[in-house]
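All remarks here apply to the structure that follows.
Just so it is clear, none of the values below were taken in a lab; they were calculated from the coordinates. Quick caveat, the model's predicted, so the values are computed rather than measured. Cβ coordinates were reconstructed from backbone atoms using ideal geometry, including for glycine residues, and neighbour counts include every protein chain displayed.
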Amino acid sequence: MEVTLLLRQLHLFERLKDATRHCHTSGMRHESVAEHSWRLCLFAYFLKDEFPDLDMDRVIRMCMIHDLGECFTGDIPTFEKNAGDEKKESRLLRAWVDTLPPPYREELTALYAEMDALITPEAKLYKALDKLEAVIQHNESPLATWLPLERELNLTYGEDAAAFSPYLTALRQAVRQDTVRKLAQEA
């Protein structure tokens, strides 16, 4: 990639360091989109032995790019995001991808299409991990930062995405137990 174009892209990606998510860290500050994506990539990396038949490099690439649309829109929590928000983010993301030179344009177009379809095992894994990482982060954040609806949501969020894999189902159950323990601390 030509150096001025690369620098332009890096400046765009820097927005994700300042784009905060709804969730807090254990230190009581808002988590950034970049931090979420970084840990999601590590999450996928450390599961490569659990999914030896999957192209984990592809999964990690999905994890790495999954929230790039938030460079343009910021983060909108899942429970607040509507179809209009999703269309706007998708439109802005696609417009940006179309400006990229080959082979990046083609690779990202194919990855986003695969991620949207959620048919391949790699796309299903990325999506499950994305949801699980959010729940894990909530479990790590102080209960004082949770909205009332998150007490119920954290018990079930991501179960559907994890259901395709016995390993992820067991992981989701362990994460649920962490939520139950966390909620019991308040009682």
Most mobile listed residue (Glu140, Glu35, Glu50) in the chain, GNM with C-alpha springs under 10 Å: Glu50
Most fluctuating residue given options Glu31, Glu89, Glu107, as computed from a GNM of the chain linking Cα atoms under 10 Å: Glu107
Highest-MSF residue in the chain out of His66, His30, His11 [GNM, Cα springs under 10 Å]: His11
Rel. contact order, % - alpha carbon contacts under 8 angstrom, at least six apart, the stretch 46-187: 22
Amide H contacts of Ser32 (H built 1.01 Å from N, under 5 Å, at least 5 apart or other chain): Arg21
Cβ charges +1 (Lys, Arg) and -1 (Asp, Glu), total dipole of the stretch 31-186, debye: 160
Three semi-axes of the equivalent ellipsoid, the stretch 80-187, Cα gyration tensor, whole Å, largest first: 32, 18, 11
Which of Leu149, Gln137, Ala113, positive extreme of dipole for the stretch 31-186 (C-beta unit charges): Leu149
C-alpha center-to-center spacing [the stretch 98-167, the stretch 1-67] in angstrom: 12
Over the chain: helical MRE at 222 nm, DSSP H runs n ≥ 4 each giving -39500 (n - 2.57), nearest 500: -21000 deg cm²/dmol
Cα-only radius of gyration and Dmax that characterise the stretch 106-159, units Å: 14.5, 44
Where labels lie 7 Å past Cα in the beta-carbon direction, separation of Ala95 and Met28 in nm: 4.0
Histogram of C-alpha separations across the stretch 19-61, 5 Å bin width, %: 5, 22, 23, 15, 13, 12, 8, 1
For Met28, Met62, Met56, order by how many other beta-carbon atoms lie within 10 Å, fewest first: Met28, Met56, Met62
